[in-house]
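Colleague: After the structure tokens below, expect a handful of questions from me.
Bear in mind that the values in this text are calculations on the coordinates, not laboratory data. All values derive from a computational prediction rather than experimental measurement. Reconstructed Cβ throughout: ideal geometry from the backbone, glycine too, with neighbour counts over all protein chains shown.
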Amino acid sequence: MDPNRKPLIAGNWKMHMTAREAADLAAAINKGLDPDLKHDVLLAPSFTGLHAVRAALSGSKIFLSSQDVAWEEKGAFTGAVAPSQLLDAGCSHAIIGHSERRKIFLETDEVINKKVKAALKAGLLPVLCIGETLEERESQKTYRVLETQLTGAYAGIPAADAAKCVIAYEPVWAIGTGKTATPEQAQDAHTFVRKQMERLYGRDFAAAVRILYGGSVKADNVDELMAQPDIDGALVGGESLKADKFLRVIHSACQHAGHGLARIARRSSALAPRAYDARSSEAVLLS
Ligand code: 13P
């Protein structure tokens, strides 16, 4: 990764655990973190676990995220959770457009765009997920898919707001399959994503935006992924469900991310999740 961007390791817990179990896992991860860790860590439990995890992370620098968000502010939307409700539950971030939401819950780029806008309007920082299926990759459509997803998600969003987003490139064929993209495949996609961001928002923006890789990330592959110049962190599913495994991922990722961080730490300051200024983290290099 580029030492000018602050690494982020995020755990997406998907539809796992009771609130109690999630809080225990969050507490164990928090306890096991290297106190000198300079990069950001984020946990995304189910909606029902947010309050308990927030309490377990009291005083911690770990960020809290939802796995989804509604695009409306309030009203008759049974089953949906509004951005303001997520902020109230302690979230700083919201994962949006995960491939499971796209595929199983039929979310379109238009819906995802509405969610990104609603999150930003409320002050939540989107973690925007994009990625191609195996069929799309095998039929040489990867770039086209990524371009369409990015253009759709960012439609009508000004640069100052877009700078608050993190992008997660998650090739669908690598999610939960044990089949990680090679560092070269991931780097190739990340380069393309960064070029698309340059097309949408200019060179300085593209140089600053954080792009995570997701899909079967483990302690023994995260380091070589993070060694690639355009990979700024990881969005981790299965390996984030056990404290010892996720801590190994987090600390293994440090090895390549260690250099140059003192400079970033000075610029972005220590971040407490709930006293958090979006701009100070996501757009630190733009200011
Ligand atoms: P796995 O790490 O289990 O492949 O899941 C990746 C993912 O979907 C994270 O959002």
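Colleague: I need the full set of residues from region 165-196 which are within 12 Å of the ligand (Cβ to nearest atom), of a type outside the set (Val, Ile, Thr) and without any contact (Cβ under 8 Å) to a residue 60 or more places away in the chain, in order please.
Modeller: Of everything in region 165-196, those that are within 12 Å of the ligand (Cβ to nearest atom), of a type outside the set (Val, Ile, Thr) and without any contact (Cβ under 8 Å) to a residue 60 or more places away in the chain turn out to be 169, 171, 173, 174, 178, 179, 181.
Colleague: Sort out which residues of region 197-241 are among the aromatic types (Phe, Trp, Tyr) and either more than 10 Å from the ligand (Cβ to nearest atom) or over 24 Å from residue 177 (Cα atoms) (or both), and write them in order of number.
Modeller: 201, 205
Colleague: Of the residues in region 52-67, how many are in contact with a strand residue (DSSP E or B) (Cβ under 9 Å, 6 or more places away or on another chain) and not in a loop (DSSP other than H, G, I, E, B)?
Modeller: Number of matching residues: 6.
Colleague: Can I ask one more? Restricting the search to region 90-110, which residues are hydrophobic (A, V, I, L, M, F, W, C) and surrounded by fewer than 17 Cβ atoms within 10 Å (Cβ to Cβ)?
Modeller: 104, 105, 106
Yes/no matrix, rows are residues, columns are (1) charged (D, E, K, R); (2) closer than 15 Å to residue 239 by Cβ:
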{"residue": "22", "(1), (2)": "no, no"}
{"residue": "28", "(1), (2)": "no, yes"}
{"residue": "31", "(1), (2)": "yes, no"}
{"residue": "34", "(1), (2)": "yes, no"}
{"residue": "38", "(1), (2)": "yes, no"}
{"residue": "44", "(1), (2)": "no, yes"}
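Colleague: Give the number of residues within region 113-154 that are within 18 Å of residue 101 (Cβ to Cβ) and acidic (Asp, Glu).
Modeller: Selection size over region 113-154: 2.
Colleague: Among the residues of region 1-45 satisfying the criterion of being under 19 Å from residue 251 (Cβ atoms) and of a type in the set (Asp, Glu), which is farthest from the ligand (Cβ to nearest atom)?
Modeller: Looking at the filtered set, the residue picked out is 36.
Colleague: I want to confirm something. Restricting to region 93-147 and keeping residues that are of a type in the set (Gly, Ala, Ser) and assigned to a helix (DSSP H, G or I), which single residue is farthest from the ligand (Cβ to nearest atom)?
Modeller: Once the filter is applied, the top-ranked residue is 122.
Colleague: Now a separate question. Does residue 35 satisfy being surrounded by fewer than 18 Cβ atoms within 10 Å (Cβ to Cβ), out of contact with any Leu (no Cβ under 6 Å at 6 or more places or on another chain) and without any contact (Cβ under 8 Å) to a residue 12 or more places away in the chain?
Modeller: yes
Colleague: Identify, by number, the condition in (1) more than 16 Å from the ligand (Cβ to nearest atom); (2) farther than 27 Å from residue 196 by Cα that residue 64 doesn't meet.
Modeller: Only one criterion is unmet by residue 64, namely (1).
Colleague: Which residue out of 174, 163, 153 is of a type outside the set (Val, Ile, Thr), crowded, with 19+ Cβ neighbours inside 10 Å and out of contact with any helix residue (DSSP H, G or I) (no Cβ under 7 Å at 6 or more places or on another chain)?
Modeller: Every option except 174 fails the conditions.
Colleague: For region 197-257, give me every one of the helices (runs of 4 or more DSSP H) that falls completely inside it and has 1 or more residues that are in contact (Cβ under 8 Å) with a residue 40 or more places away in the chain, on the phi < 0 side of the Ramachandran plot and aromatic (Phe, Trp, Tyr).
Modeller: The helices (runs of 4 or more DSSP H) meeting that bar are 203-208, 243-257.
Colleague: Considering only residues that are more than 13 Å from the ligand (Cβ to nearest atom), outside any helix (DSSP H, G or I) and touching a residue at least 12 places away in the same chain (Cβ under 8 Å), which ones fall in region 68-92?
Modeller: Those that are more than 13 Å from the ligand (Cβ to nearest atom), outside any helix (DSSP H, G or I) and touching a residue at least 12 places away in the same chain (Cβ under 8 Å): 69, 70, 71, 72, 73, 81, 82, 89, 90, 91, 92.
Colleague: Which members of region 1-24 meet the condition of being touching a Lys or Arg at 6+ places or on another chain (Cβ under 8 Å) and either within 17 Å of residue 68 (Cα to Cα) or not in a loop (DSSP other than H, G, I, E, B) (or both)?
Modeller: Scanning region 1-24 gives a single hit, 8.
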